[in-house]
Amino acid sequence: MTQVRDIMEKNVITIDYTKNALDASVILKEKEISFPTKKADLLGKLNPEMFNSNSKVQQYYDTTPIKCKVKEEKSIYISAEGILQPCCWVAGQMYNWYHTPKGSQIWSVINKVGKENISALNYTIEEILDNEYLNLVEESWSKSSCNEGKLQVCAKTCGLNDAFAQQYL
């Protein structure tokens with residue numbers, strides 16, 4: 001059974017669990033359903049503050065002090081591809097579907113040291129911790145705004161008004 005619904009002016013499709021990916025692609029093509037692949041495709045379809053640099057949300061990200069949870073607990077995150085990151089939130093920004101490849105903000109920091117230099121497949125964890133990558137992430141927190149290089153993901157997850165605190169109880 002295939003069901004097509006319209007939610008918030010977007011086509012949403014539910015495909016029966018017995019169907020495979022090829023079946024799904026045929027159904028999508030038949031129904032002329034496509035999914036947004038770029039930030040420009042999303043403008044006006046999601047929360048309008050998501051990409052508005054003058055929004056109150058963005059002003060909060062720009063000004064909130066960051067108190068990094070993983071720095072305090074001295075933990076790190078290693079992705080499935082072996083990339084060492086401070087946390088899963090930062091790692092999750094590497095391949096956001098609504099950014100161009102390597103277009104999310106974290107890549108500006110990764111590119112300064114090279115992705116290969118934060119790979120646990122190439123270096124020991126101690127060697128990666130000794131390079132400048134995590135220091136560059138932390139230095140971003142003192143930037144005047146996200147446009148100036150303050151990591152928005154850090155402001156969002158570890159800012160003063162912590163929306164994710166309940167998961168750490």
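Read-outs throughout are calculated quantities, based only on the coordinates presented, and are distinct from any laboratory measurement. Every value quoted in this text rests on a predicted model; they were computed, and no experiment measured them. A quick note on method: Cβ atoms are made from the backbone with ideal geometry, for glycine too, and the neighbour counts reach across all protein chains shown.
Things worth noting here:
- In this simple spin-label approximation, S25 and E132 carry label points 7 Å from Cα along the Cα→Cβ vector, and these lie 4.4 nm apart.
- Note on C88 and K102: the extension gain reaches 3.4 nm, defined as 0.36 nm multiplied by sequence separation minus the Cα-Cα distance.
- Shape call, the stretch 48-168: gyration tensor on alpha carbons, a/c limit 1.5: prolate
- Cα-Cα over 30 Å, subset of K56/K115; K19/K115; K19/K156; K69/K115; K71/K112: K56/K115; K19/K115; K19/K156
- Spin-label pair E72-N111: with each label point 7 Å from Cα along the Cα-Cβ axis, the two points sit 3.3 nm from one another.
- Note on S144 and N122: the extension gain reaches 4.5 nm, defined as 0.36 nm multiplied by sequence separation minus the Cα-Cα distance.
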